[in-house]
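This report refers to the structure that appears directly beneath it.
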Amino acid sequence: MPKLILKIALDVPLDRLFDYLSGGQVVKIGQRVLVPFGRRSQIGIVMDMADTSDFPIEKLKPITQVFTDELPVDAETLNLVKFSASYYQYPLGQALLSALPARLRQIAPAVSRKHYAYQLTDFGQMQTVEQIPKRQLVTRRVFAALRAESLLTEADLDAISSSARKAVKQLVSDGWAISKQVQVSIKLPEMPAAVMPELNEEQAMAVKQIVNDSQSFKAWLLHGITGSGKTEVYIRLMQHVLENKCAQVLVLVPEINLTPQLEARFRSRLSNYPLVSLHSNLSESERLRNWQLAQSGTARIVIGTRLSIFTPLPNLKLIIIDEEHDSSYKQQDSMRYHARDVALVRAKRLNIPVVLGSATPALESWHNAAANKYHLLSLNQRAVTAAQLPNIECIDTTKVNLQHGLTPQLIAALRLRLKRKEQSLLFINRRGYSPVLLCSACHWIAPCMRCSSRLVVHLGLRALRCHHCGHEQKIPNQCPSCGNADLHPTGHGTQRLEQTLAQLLPTARIARVDRDSTSRKDALVEILDKVHNQEIDILVGTQMLAKGHDFPNLTLVGVIDTDSALHSPDFRASERLFAQLMQVAGRAGRADKAGQVIIQTQFPEHSLFNALRSQDYVSYANAMLQEREQVQFPPHVFMALLRAEANEYQLVQQFLNHAFTLARELTNDVTVYDPIRPQMERLKGMERGHVLMQSTSRQALQNVLKNLVGQLRGQPIASKVRWAVDVDPLEF
Ligand code: ADP
Ligand code: ZN
Ligand code: ZN
């Protein structure tokens with residue numbers, strides 16, 4: 001007797017499941033269904049079945065439809081999302097539906113798992129091209145292709161013409177061709193077997209240890225300097241795991257600009273195995289297709305950004321997290337999960353190994369390694385023997401004359417690279433270096449009306465723009481504060497730096513890489529190709545450039561201005577700066593040419609630069625951990641924020657005061673701090689505030705949060721503000 005009542009997760013901001021009647025339909029757990037909800041229909045996922053309900057049965061409605069053609073989401077994935085929703089204090093239904101590809105949130109069957117292929121009928125075989133009118137060119141070509149190939153998939157048709165599907169349908173209705181359903185599959189590219197470099201001792205040791213212990217859960221921290229061959233270690237591990245029939249591997253990468261190069265490398269080295277990628281640059285149908293290939297077990301390798309941690313993978317045997325310290329693994333809105341942390345939970349539940357790789361591990365991870373929760377493996381040498389670590393020097397900007405923000409030393413070094421036909425990279429930290437509009441008389445700086453931020457000058461657009469809310473306005477003719485007409489941009493944005501360089505070095509071919517210049521889909525790939533083809537001499541850019549790229553002819557890295565991060569109120573700023581500078585420095589001298597790094601700073605003796613000069617992550621990390629212990633910051637304690645925002649700060653304050661009192665009453669094991677305003681007090685016209693809670697016990701913090709959220713939900717005061725809990729926050 002099938003169970004009568006279905007417990008269904010819906011995309012609504014309520015932390016509960018909804019009861020529906022199965023209405024005689026055969027439904028499995030994890031299946032996608034359509035249900036009536038209020039006056040509308042909603043997509044839901046069946047989480048459970050029962051014989052009883054807390055509601056009177058006669059009030060329950062039957063589900064409308066079951067999408068039986070689709071595989072249900074498996075229990076492992078459902079449980080992982082359940083865990084995450086609970087840990088990050090987010091409604092389960094919203095967590096689950098947002099983890100699915102957008103197509104699966106729409107009220108329509110997701111067709112992509114059913115694919116069609118076409119072949120000629122016996123009748124069609126007897127026809128000739130000449131019988132098709134000449135102007136039906138596409139139909140002629142499709143017919144010819146069917147003759148030659150005997151079976152054409154939809155993808156084959158798309159390759160012929162965008163109207164080929166329409167043409168083939170005509171052939172079907174004329175009885176010349178028939179369609180049949182086929183499985184979606186992945187065509188493996190034909191590639192010559194890639195050469196395998198012989199592993200050096202450290203690499204071989206790392207691979208051996210993990211392989212010997214690959215049958216159960218273990219978290220490995222692979223700490224290797226840039227260019228030490230971490231990726232090569234990943235590849236060997238993957239090869240080993242994939243030899244097992246059906247096994248799947250998930251590789252997480254921080255941001256999308258990393259994927260093209262890394263993806264190409266995995267594809268060529270592991271060409272025997274179907275590989276798909278999952279990231280936000282895919283079209284919705286590509287994303288659905290790749291997700292379903294992962295879910296069905298067809299894809300053996302999945303490379304993806306943070307959201308792919310929730311992809312169903314029935315035979316997952318290994319998780320690799322590249323650049324595990326990267327903050328883009330943390331989602332900054334809706335469910336604020338950290339993909340690395342979720343990956344650890346997933347690996348533990350599946351009893352499989354997880355490998356975290358980085359040149360500058362997050363202090364959390366380093367701490368876990370020190371506590372023997374993670375197993376540390378180190379690669380201390382560059383893999384290409386000829387490649388040496390770059391020489392890093394700091395130039396004191398208070399002691400020299402700057403030309404448009406550049407020191408004579410850096411300009412000379414750039415000239416030398418031009419002469420030698422080598423490449424240079426100039427790195428600007430994105431935050432705080434954008435040019436703002438300054439009044440020379442009264443020092444007024446153009447502010448954003450909606451955010452606590454300054455507007456950024458975009459000379460190309462002749463406009464001021466807010467990088468936080470997108471607000472845009474014309475550059476004013478005079479200062480609104482004192483009437484002075486001498487307003488000029490100050491600060492070095494990437495655009496200004498590009499102009500300055502063009503003046504100083506007129507023969508140099510310069511390319512700029514930032515959010516603006518790479519907003520078009522393939523723009524970044526094109527620039528990178530040019531760099532590889534030696535069509536670019538100087539690259540100017542933000543941290544988008546710091547990661548993962550391998551430019552053999554790049555021998556100079558200049559760091560223009562990072563000083564504000566040295567004195568930031570954010571306690572993680574120096575950790576991030578160190579990681580970033582280690583990474584950019586790692587771009588110099590990757591092949592057989594020695595690299596040079598020039599850092600312009602007012603504080604050349606700062607301990608961060610000392611550690612950087614000796615490329616000594618380990619002592620810097622240990623020193624930072626000690627500092628954090630003294631002041632009781634993470635990873636020595638666990639934190640959570642209750643964030644709130646509203647049109648008026650008064651509402652925020654009322655709400656936070658109320659929450660503060662509630663939280664204080666709940667326990668003594670959690671320290672609850674007074675409500676304060678975040679660094680960005682106002683954002684997109686909303687006034688913001690938060691309450692910080694911290695504890696040495698993760699469990700105690702979790703208990704308070706659960707309780708607090710439960711009490712706050714549904715209270716009138718809580719409906720007047722937008723609020724959210726941020727567990728293990730990275731931004732304050
Ligand atoms: P990482 O991921 O640590 O930055 P990579 O794996 O990208 O380092 O390796 C850096 C360079 O060294 C790459 O060009 C790679 O092909 C090469 N490489 C890696 N391992 C070896 C090895 N054992 N022998 C020769 N070259 C290697
Ligand atoms: Zn003024
Ligand atoms: Zn703004």
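Every number here is computed from the coordinates shown, using simple stated rules; none is lab data. Quantities reported herein were computed from a predicted structural model and do not represent experimental measurements. Every residue, glycine as well, gets a Cβ built from its backbone with ideal geometry; the counts of neighbours run over all protein chains shown.
Things to note:
- Across the stretch 115-182, the relative contact order, built from alpha-carbon pairs under 8 Å that are at least six residues apart, equals 53 percent.
- The number of Lys pairs in the stretch 402-546 with C-alpha atoms less than 28 Å apart, excluding pairs fewer than 8 positions apart on the same chain, is 4.
- Tensor-based shape of the stretch 1-78 (alpha-carbon gyration tensor, a/c under 1.5 rounded, otherwise prolate or oblate): rounded
- Added length on full extension, which subtracts the Cα-Cα distance from 0.36 nm per residue, Ser162 to Ser719: 195.6 nm
- Aspartates and glutamates whose Cα lies under 14 Å from that of Lys720, excluding same-chain neighbours fewer than 8 positions away: Glu645, Glu648, Glu687
- Computed over neighbours whose Cβ is under 14 Å from that of Ala339, the net charge equals -3, Lys and Arg +1, Asp and Glu -1.
- Nearest-0.05 FRET efficiency for Ser614 and Phe55, computed from C-beta distance (R0 41 Å): 0.05
- The mean sequence distance of close C-alpha pairs (under 8 Å, at least 6 residues apart), as a share of the length of the stretch 5-105, puts its relative contact order at 35 percent.
- Distance from the alpha carbon centroid of the stretch 423-483 to that of the stretch 7-31 works out to 50 angstrom.
- Only aspartates and glutamates eight or more places from Lys59 in sequence, or on another chain, were considered; those with a Cα closer than 13 Å are Asp19.
- Segments 317-327, 417-427 sorted - mean Cβ within 10 Å per residue, highest first: 317-327, 417-427
- FRET efficiency estimate (nearest 0.05) - Cβ-Cβ, His532 to Met205, R0 51 angstrom: 0.95
- Neighbourhood net charge (12 Å Cβ-Cβ; Lys/Arg +1, Asp/Glu -1) for Arg140: +3
- Exceeding the 31 Å Cα-Cα cut-off - candidates Lys28/Lys348; Lys169/Lys317; Lys230/Lys684; Lys230/Lys593: Lys169/Lys317; Lys230/Lys684
- Relative contact order of the chain, defined on C-alpha pairs under 8 angstrom at six or more residues apart (%): 11
- Extended-chain gain in nm, criterion 0.36 nm per residue less alpha-carbon gap, Leu461 and Ser481: 4.8 nm
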